[in-house]
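Q: Below is the structure I would like to discuss, written out as structure tokens.
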Amino acid sequence: EIKHGRAAMLGFVHVIAIHAGLRLPGFLSPSAGLKFADMPVDCFAALEATPTAGWLQIMLVTCMAETGAANGGFLFVPPGTLPAAQTVELAPGDIGGDVWQRYDDPEVNTFKLNAER
């Protein structure tokens, strides 16, 4: 739940950034001649304007993050930095790889977990 909540917050920040006029430079799809600046601001119109290859890339990265398939290293990302799959050996939400901040003191851990609620 923590991971999905953070993904939702990131999506919300993305919508705010787009409405503020922040855009990436360059092409979203060079073959279609579609630039990032040409994408509609409206959320649903942007969904429809995204090329199929873009959706496939989004789904691939999402599935790799959900299953932990990319945790062994992917493209330019070193092993252990991407999210791992949730297993019984890991504490709930402990999926962040080697760079994830962990707290050995149970009292500090409880405080940090409850600070986000």
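Q: Looking at residue 39 and the list (1) over 30 Å from residue 113 (Cα atoms); (2) exposed (fewer than 10 other Cβ atoms within 10 Å of the Cβ), which single condition is not satisfied?
A: With respect to (1) over 30 Å from residue 113 (Cα atoms); (2) exposed (fewer than 10 other Cβ atoms within 10 Å of the Cβ), residue 39 is out only on (2).
Q: Now for a different question. Picking from 49, 20, 91, which residue would you name as being closer than 22 Å to residue 7 by Cβ, of a type in the set (Gly, Ala, Ser), at pLDDT 90 or above and loosely packed, with under 12 Cβ neighbours inside 10 Å?
A: Every option except 20 fails the conditions.
Q: Out of curiosity, is residue 9 in contact with a strand residue (DSSP E or B) (Cβ under 8 Å, 6 or more places away or on another chain), at pLDDT below 90 and within 30 Å of residue 114 (Cα to Cα)?
A: no
The values are calculated or read from the model by the stated rules, or taken from the named source; none is laboratory data. Only a predicted model underlies this, so the values are computations on that prediction, with no experimental measurement involved. No Cβ is skipped: glycine too gets one built from the backbone with ideal geometry, and neighbour counts run over all protein chains shown.
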